[in-house]
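Here the structure comes first, spelled out in structure tokens, and everything after it is commentary.
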Amino acid sequence: MSHQVSPFKIFWDRAGMLVVFAALFATCSVAVPGFRSAANMEGLLLSVSTIGIIACTMLFCLAAGAFDLSVGSIVACVGVVTAVITNRTDSVALGLAAGLGTGALVGLVNGVLIAKAGINALIATLATMQIVRGLGYLVSDGRAVGVVREEFFTLGNSAFAGLPTPVWICLGCFALFGFLIERTTFGRNTLALGGNAEAARLAGIGIDRLRITIFTLQGLLSAVAGIVLASRMTSGQPMVAQGLELDVISACVLGGVSLNGGIGKMSYVIAGVLIMGTVRNAMNLLNVPTFYQYIASGLILLAAVGFDRLKQRGTRA
């Protein structure tokens, strides 16, 4: 006997958190002074661009039933490596290539450890998180590394059609990876892997190759975010992006991506990223002390996990 799904449930599943974001945005527009100003809107979009870029591939990790804790360390290490290579070779292109290569290599190592060595994603990426952060400090000697070539700053500090370049890069990633997850065999296989790994294997999906590809892409996109952040700050800094991995995972799960795998859409990621960014922006405008902002971040993470559990129960019912 089949159960008919109500139109409201279908709508809520597809766009519920976007409605929540719209309500939150409207409330902040009325209640928070200066929220609607053009300068604040630009600052809000810039602040969510780093999380948004990395969240595009974290969507694939979560949809495949795993996650990556090393993304914050990759962002910091890649910024440092890019700055050091750019200064030593006097070439921005070589610096960018070294940064992207570093991120992709760390992602590849994560994927091989998880897919081939059978190490749990939590342990594997926790280990590489520490190792890569340490390498960042080692390469930079524990200090910020300023970049001498001014062309490097263009990536993070230019604008096109009224929007900062990092925002355009984030929008491009949303479009590209949204297409991949919803319109391609790669995306369907990723969701199948997260839904039931054994069934996916029996269906002929190369799950080891798929996991390695997903984590390599995660490392590569974390490198893109690290380069853009270093360009915005005009230097590579080994201490940046501490706790970024939790922000990215929280944003994805808050939007509706399941921690158990098998469920995920780009609209979920966009909603989660915008909700988190708006809450933090409002707290900054209201001069909420940093200590309370940490508490709020923890509560958002708890809310995201609780929402995921409720959704799982609703799916099984």
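The values are calculated or read from the model by the stated rules, or taken from the named source; none is laboratory data. Everything quoted here is computed from the prediction, not taken from an experiment. All Cβ positions, glycine included, derive from the backbone under ideal geometry; neighbour counts span all protein chains shown. To get the accessible areas, we keep the full protein, side chains included, count just its heavy atoms, and leave off ligands, DNA and RNA. Shrake-Rupley method; radii C 1.70, N 1.55, O 1.52, S 1.80 Å.
Fully extended, how many nm does the chain gain between residue 209 and residue 130 (0.36 nm per residue separation, minus their Cα-Cα distance)? Intermediate results must be reported in sequence, preceding the final value.
On the way: separation 79, 0.36 × 79 = 28.44 nm, distance 2.51 nm.
Result: 25.9 nm gained on full extension.
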Next on the checklist: About the Cα centre, and with charges only on the beta carbon of Lys, Arg (+1) and Asp, Glu (-1), how big is the dipole of segment 48-179? Nearest 20 debye, please.
Outcome noted: 220
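If Lys and Arg each add +1 and Asp and Glu each add -1, what is the summed charge of the other residues whose beta carbon sits under 11 Å from the beta carbon of residue 7?
+1
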Checklist entry - At a Förster radius of 45 Å, what calculated FRET efficiency corresponds to the Cβ-Cβ distance of residue 199 and residue 292, to the nearest 0.05? => result 0.50
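Pop the C-beta distance of residue 22 and residue 154 into the FRET formula with R0 = 25 Å and round what comes out to the nearest 0.05.
Details: r = 34 Å, r/R0 = 1.36.
E between residue 22 and residue 154, to the nearest 0.05, is 0.15.
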Checklist outcome for this item: Of the candidates 168, 193, 216, the farthest towards the positive dipole end of segment 52-241 (Lys/Arg Cβ +1, Asp/Glu Cβ -1, centred on the Cα centre) is 193
Item to check | For segment 134-185 and segment 62-81, distance of Cα centres in Å | outcome: 14
Next on the checklist: Need one value: the accessible area of residue 184 in square angstrom, 1.4 angstrom probe, rounded to the nearest 10.
Outcome noted: 30
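So what is the calculated 222 nm ellipticity per residue for the chain, using -39500 (n - 2.57) for each DSSP H run with n of 4 or more, over all residues, to the nearest 500 deg cm²/dmol? Show your work: numbers first, answer last.
Numbers: 13 runs with 240 residues, N = 317.
Counting only the DSSP helices, I get -25500 deg cm²/dmol.
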Checklist entry - Of 90, 247, 13, which has the most accessible area with a 1.4 Å probe, and how do the rest follow in descending order? => result 90, 13, 247
Checklist entry - Placing +1 at every Lys and Arg Cβ and -1 at every Asp and Glu Cβ, with all other atoms neutral, what dipole size does the chain have around its Cα centre, in debye to the nearest 20? => result 680
Checklist entry - With all protein chains present and a 1.4 Å probe, how do 294, 137 order by accessible area, largest first? => result 294, 137
Checklist outcome for this item: Sorted by accessible surface (1.4 Å probe, heavy atoms of the protein chains only), largest first, 10, 263, 53, 295 come out as 295, 10, 263, 53
Checklist outcome for this item: The extension gain from residue 138 to residue 41, computed as 0.36 nm times the residue separation minus the Cα-Cα distance, is 31.2 nm
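For segment 114-255, rounded, prolate or oblate, judged on the Cα gyration tensor with a ≥ b ≥ c (square roots of eigenvalues), a/c < 1.5 rounded, else prolate if a/b > b/c?
Values: a/c = 2.65, a/b = 1.48, b/c = 1.79.
Verdict is oblate for segment 114-255.
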